[in-house]
Amino acid sequence: MKDKFWGILICFLLAVPSWILGQQFPIIGGAVIAILAGMVITMFWQDKGKAGTGINWTSKFILQAAVVFLGFGMNLSIVIRTGFESLPIIISTIAISLIIAWVLHKTMNISKNAATLVGVGSSICGGSAIAAAAPVINADNDEVAQSVSVIFFFNAMAALFFPLLGTLVGFDTTSGYAFGIFAGTAINDTSSVTAAAATWDSMFGLGSATLDQAVTVKLTRALAIIPITLGLAILVARSEKKADGQNNFSLKRAFPMFILYFVLASVFTTVCLNFGVSVETFQPLKELAKFFIIMAMGAIGLNSNLPKLIKTGGRPLLLGLCCWVGITLVSLAMQHIMGIW
């Protein structure tokens, strides 16, 4: 670890003020602040010297550790019990986002990795899904930075405009049920889900009914990280096998082990909560997961090329818009078909 120390320390020092600012501005979030700060810093500090090794290590392994610690925020029994009704909507929104990302990757000549990250991030849980998928598909720092920036933009838009959209389409204002499902299935990042749901609660005096529903649906949706990353790992391994012409595919080698640890952390949390352990016991680990994501995003920002991202950012932004519109329309359509509104 000696050769990585300075790079890790720099990422940590960048993450601390980003985390504090993220607490003050939750719609933006510490991860976005860190990645933007890293991009600006690297414009003036291009030769990282001895720090480069640690920065690269943070962007990969700290990112994977963050996903593992996210598992400590999952109570699988509650998620499965209360999220069952929203499952058809969740599956439909994830499917449409991935289909749109795949089609536009072909037609708009967008990098396969960038399109995958935007599609996965839009459909599952924003930065957390990107954090899980990026190492599996071997995405580079610019692709991760670009996808996070796209996801952030539409997160902010959703938090601001979805409560207005909910009133326009005629969601029940005496209950937070319909809008909670809508926010939980159509907004990707937890911070924006909570912001939109809390706004709906305050608009119609519903206490925390909408927020509770939205967060539960959001947690159910987050479980899609597991099959999606496994599927991506298998696809990547098969494409590499095809490229080198050898029939040496191995599920064991393709399997991303940090996803297994994420599942084990979720199971451990669920068992403990069922035996009476307080949910607050796991709060520090959940906060550590968020901090690790901020650290990793700072490292990715330090390794990114901001002028290049600005120059090439138009098409990924359009891709994100198409995914966002597709998810929103499918969520509304599915709720209407199911008689929720």
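Cβ-Cβ under 6 Å, sequence separation 6+ or interchain: first residue in region 27-39 and farther than 17 Å from A159 by Cα and of a type outside the set (F, W, Y), partner surrounded by fewer than 22 Cβ atoms within 10 Å (Cβ to Cβ) and modelled with pLDDT of 85 or more. Which pairs?
I33/L21
Does any residue in region 281-292 that is closer than 14 Å to S191 by Cα come within less than 7 Å, Cβ to Cβ, of a residue that is of a type in the set (S, T, Y) six or more places away or on a different chain, and which pairs are these?
none
All but one of (1) under 23 Å from the mean Cα position of the chain (by Cα); (2) not in a loop (DSSP other than H, G, I, E, B) hold for G54; which doesn't?
Condition (1) is where G54 drops out.
F44 is checked against (1) surrounded by fewer than 15 Cβ atoms within 10 Å (Cβ to Cβ); (2) of a type in the set (A, V, I, L, M, F, W, C); (3) in contact with a Lys or Arg (Cβ under 9 Å, 6 or more places away or on another chain) and fails just one. What number does that condition carry?
F44 satisfies all of (1) surrounded by fewer than 15 Cβ atoms within 10 Å (Cβ to Cβ); (2) of a type in the set (A, V, I, L, M, F, W, C); (3) in contact with a Lys or Arg (Cβ under 9 Å, 6 or more places away or on another chain) except (3).
I'd like to verify a number: residues in region 305-324 that are of a type in the set (V, I, T) and surrounded by 14 or more Cβ atoms within 10 Å (Cβ to Cβ), how many?
The qualifying residues number 1.
Has region 217-232 got any residue that is buried (at least 23 other Cβ atoms within 10 Å of the Cβ), more than 25 Å from T270 (Cα to Cα) and either of a type outside the set (A, V, I, L, M) or modelled with pLDDT of 90 or more (or both)?
So far as region 217-232 goes, no, none of its residues is buried (at least 23 other Cβ atoms within 10 Å of the Cβ), more than 25 Å from T270 (Cα to Cα) and either of a type outside the set (A, V, I, L, M) or modelled with pLDDT of 90 or more (or both).
Please work out which residue is surrounded by the most Cβ atoms within 10 Å (Cβ to Cβ), limiting yourself to region 125-160 and to residues that are of a type in the set (D, E) and part of a helix (DSSP H, G or I).
E143
Within 15 Å of the chain's Cα centre (by Cα), closer than 30 Å to T42 by Cα and at pLDDT 90 or above: which single residue out of A115, A132 fits that description?
Working: A132 fails: at pLDDT 90 or above.
Exactly one of A115, A132 is within 15 Å of the chain's Cα centre (by Cα), closer than 30 Å to T42 by Cα and at pLDDT 90 or above, namely A115.
Yes/no per residue for (1) aromatic (F, W, Y); (2) touching a His at 6+ places or on another chain (Cβ under 8 Å); (3) more than 30 Å from T42 (Cβ to Cβ); (4) in a helix (DSSP H, G or I):
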{"residue": "F268", "(1), (2), (3), (4)": "yes, no, yes, yes"}
{"residue": "V277", "(1), (2), (3), (4)": "no, no, yes, no"}
{"residue": "G326", "(1), (2), (3), (4)": "no, no, yes, yes"}
{"residue": "A333", "(1), (2), (3), (4)": "no, no, yes, yes"}
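What single numbered condition from (1) surrounded by fewer than 23 Cβ atoms within 10 Å (Cβ to Cβ); (2) assigned to a helix (DSSP H, G or I) fails to hold for I89?
(1)
Answer yes if at least one residue in region 279-292 is modelled with pLDDT under 90, over 19 Å from A31 (Cα atoms) and of a type in the set (A, V, I, L, M), and no otherwise.
Within region 279-292, one or more residues are modelled with pLDDT under 90, over 19 Å from A31 (Cα atoms) and of a type in the set (A, V, I, L, M).
For region 23-44, which residues satisfy the criterion of being within 13 Å of G298 (Cβ to Cβ) and of a type outside the set (V, I, T)?
G29, G30, A31, A34, L36, A37, G38, M39
How about region 161-200: which of its residues are of a type in the set (A, V, I, L, M), surrounded by fewer than 20 Cβ atoms within 10 Å (Cβ to Cβ) and closer than 23 Å to I96 by Cα?
If the condition is that a residue be of a type in the set (A, V, I, L, M), surrounded by fewer than 20 Cβ atoms within 10 Å (Cβ to Cβ) and closer than 23 Å to I96 by Cα, then L165, V169 are the ones that fit.
Please state which one of M1, M39 is at pLDDT below 90, of a type in the set (A, V, I, L, M, F, W, C), loosely packed, with under 15 Cβ neighbours inside 10 Å and in contact with a Gly (Cβ under 9 Å, 6 or more places away or on another chain).
Among M1, M39, only M1 is at pLDDT below 90, of a type in the set (A, V, I, L, M, F, W, C), loosely packed, with under 15 Cβ neighbours inside 10 Å and in contact with a Gly (Cβ under 9 Å, 6 or more places away or on another chain).
Within region 236-243, identify whether any single residue is at pLDDT 80 or above and either surrounded by 15 or more Cβ atoms within 10 Å (Cβ to Cβ) or of a type in the set (D, E, K, R) (or both), and answer yes or no.
The answer is yes, given that some residue of region 236-243 is at pLDDT 80 or above and either surrounded by 15 or more Cβ atoms within 10 Å (Cβ to Cβ) or of a type in the set (D, E, K, R) (or both).
How many residues does region 282-297 contain that are crowded, with 19+ Cβ neighbours inside 10 Å and within 16 Å of the chain's Cα centre (by Cα)?
Matching residues across region 282-297 total 9.
If the requirement is being free of Cβ contacts under 8 Å to residues at least 60 places away in the same chain and within 22 Å of Q24 (Cα to Cα), which of these qualifies: A209, A198? Spell out how you get there, then give the answer.
Working: A209 fails: within 22 Å of Q24 (Cα to Cα).
When all the criteria are applied, what remains is A198.
Take region 161-192 and flag every residue that is outside any helix (DSSP H, G or I), touching a residue at least 60 places away in the same chain (Cβ under 8 Å) and farther than 21 Å from R221 by Cα.
So in region 161-192, the residues outside any helix (DSSP H, G or I) come out as 170-176, 187-189.
Okay, now just the ones that are also touching a residue at least 60 places away in the same chain (Cβ under 8 Å), so 170-172, 188-189.
Within region 161-192, G170, F171, D172 meet the criteria.
With the requirement that a residue be within 21 Å of L318 (Cβ to Cβ) and aliphatic (A, V, I, L, M), what does region 160-194 give you?
Within region 160-194, L160, L165, A186, I187 qualify.
The values are calculated or read from the model by the stated rules, or taken from the named source; none is laboratory data. Computed from a predicted structure; not experimentally measured. Neighbour counts are summed over all protein chains in view; Cβ atoms, including those assigned to glycine, are modelled from backbone coordinates with ideal geometry.
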